[in-house]
Every structure is written in C-alpha cells, then in structure tokens.
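Working notes, beginning with the structure itself.
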Amino acid sequence: MTKMKTRRIPTLTARQVIPPFPKRQRDSHKGNFGTVAVIGGASGMVGAPLMAGRAALKLGAGCVHVGLLAENAPVVDLMQPELMLHSAAEALKLPGVTVLAIGCGLGRSLAAQKLLHDAVNSPAALVLDADALNLLAQRPDLGTVVRARKTATVLTPHPGEAARLLGIKTEEVQANRVAAVQQLAQKFGGSVVLKGADSLCATSDGKLYVNQTGNPGMSAAGMGDVLTGMIAAFLAQGMSADNALLLAVHLHGTAGDELAKQQATIGMSATEVTEWARWLLNQWVEK
C-alpha cells in the first residue's frame, strides 16, 4: 500500500456531531423523515437486516422496509412489527425509498450480485456494508458505478473487507489505517468508515476524523448491522452522508460505553446498543 502523509486527526465529540441533526417541527409526520429499505438476509442470516431495520426505525427513520433474500424468510418481525417485510427483489422496487442499506447478511450468490447491481444504480442514498463490500471487491465494474454515483454513498468496511476492496492483506490495512481509509475514499468516492478500535472516518471532502468511543464489549455479532441502520436513519432524516456517518459512528460507540458502565461489557448485545443509542440521541438533542 502506498503510504500517505499523516497529520494530527481530530477526534469526534458529541458537541461536534449533533448540531447537524435536524429539528422536528410540531406538525411533522412520518413522511418528513424518509423511507429506508434494508436489503439482505440470505438463508441463515435473516437476523442481520432485521437488526439494521430495527436500528433505522429506532433512530428516527419515518418508514422502514426490510427486503429478505432467504426463501423461508418471515413475513413479520414479531419483535418489531412496525417494520414492513418483503422479498429482497420487491423491496428494491418499492416507490418512495430515499435510502437503501444493502449487505447485512446478503451473501455472495448470483442473486445477491443482481440485488447489488440494482442498488448501486438506484437514485436513492446508499449504505454499503458486509457482503455488499465483499461483492464490490469481486466486481470492479460495480465499483466503477459506485464511484460515479451522484447521490450520497457510505461504505462501512471492517479491516478484512477493506483489505479485499484494496487488494491487499488485512495486516497491511491495520499497519496503516489512515492510508487505507484515504485510498478507499478515493477509490469509491462518498464517505467511508474503517471500523475497529479508534474507527477512522473519511468524509467526501477529504477530511479525516477518529472516533474514540466504544469498547471491547462491542466485539459481538450484529454491531455492524446496527451501525448500518443508524447511518441509514440519519440519511433518511435529511443529513448529508458525511454528517450522518460521523453522528452514527460516534453515537454507536458511546452507546456501547454507556452499556459498559452498567457492568455489561461481557455479553453485550447489538440490540442493547440500539436501545441505548436511541436514549442518548434524545438526550443530546434536548441539550
């Protein structure tokens, strides 16, 4: 990997990330806060998009649809019946969707590739996570489409996914995380978070930020799905891709830290992080 000149990277704070969050008017309605469609959920992985959908709903999106790829997918989320469940192909064709979040439990089948092709060619804002990123690494043609998109695009790789996207080893990414996130932003455009301890965020205007919230308890299944849903929710409510990413990343880690204060570091769950994130967001907005 080509090394880039490093500099002091500013650390995200709540005071910095919350002001762009839009205020709600007294006469507002669900249509004011966007419509999210989460696409994923191949066989055995249906829980991933459901967690992302729940996070999108609880962090303020007006309407949330979940498109599931598995043939035996549920038709209702009994834990969160406000979510509207569809087949993945149906969800991509829904009218009025303002944000697509794709990749959570998507798999890498030919059907998954077709869904990703349709998603990156959509005019909706786009959040790419998990297998959507792995498929991008396999399909350079789709990467070209992502870079050419005119609407908001956010990529959320962990180090392994970042390595595949850049064609290098995970160890090389970890050895120079700043260069890795910068190269991802240059390669695909949009906004990028390189997840992990001290997540790095690269914004569309070339700025870098480090997030120092979060703790080892968040090394658990579903945490990335929740982050994806949070980013989608903030995009749906009218935030720019950069601001949505920075708020979601910082809030996500802070929610995990609040859980850790309750002596819940071991066995922390992604569902609990969603609940704490909602509580914190409301506290920050009130202040």
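Annotation: amide H-H contacts under 5 Å for Leu85 (H modelled 1.01 Å from N, sequence separation of 5 or more, or interchain): Val66. The residues packed around Met268, meaning those with a beta-carbon under 13 Å from its beta-carbon, carry a net charge of -3 if Lys and Arg are +1 and Asp and Glu are -1. Here the translational diffusion coefficient of segment 183-287 follows from Stokes-Einstein with Rh set to the Kirkwood radius across Cα pairs; for 25 °C and 0.890 mPa s it amounts to 175 µm²/s.
Averaging the Cα positions of each part gives two centres, and for segment 85-158 and segment 250-287 these lie 28 Å apart. State the antiparallel share, in %, of DSSP beta bridges confined to the chain, rounding to the nearest 5. Among the beta bridges of the chain, antiparallel pairing accounts for roughly 25 percent.
Just so you know, the Cα atoms of segment 87-162 work out to an Rg and Dmax of 11.4, 35 Å. Within the chain, the longest run free of GluC sites (Glu not before Pro) that sit in a DSSP loop with at most 15 other Cβ atoms within 10 Å is 83-287.
Output the pairs from Lys93/Lys287; Lys23/Lys114; Lys169/Lys207 with a Cα-Cα distance over 28 Å in this structure; if there are none, say none. Going by Cα-Cα distance, Lys93/Lys287; Lys23/Lys114 fall outside the 28 Å limit. Ordered from longest to shortest, the equivalent ellipsoid semi-axes for segment 119-213 are 20, 15, 11 Å, each the square root of 5 times a Cα gyration tensor eigenvalue. Taking a span of 18 Å or more along the helix axis (Cα atoms) and a mean Kyte-Doolittle hydropathy of at least -0.5 as the rule, the DSSP H helices of the chain that qualify are 223-236, 241-261, 270-286. Its residues counted as N, the chain yields a C-alpha radius of gyration over 2.2 N^0.38 Å of 0.92. If you wrap segment 15-125 in the convex hull of its Cα atoms and look at it from every side, the mean projected area works out to 8.1 nm².
Where a number appears in this text, it was derived from the coordinates with a stated rule and is not lab data. Keep in mind the model is a prediction, meaning the values are calculated, not measured. When we count neighbours, we look across all protein chains shown, and the Cβ atoms used for this are built from the backbone with ideal geometry, even at glycine.
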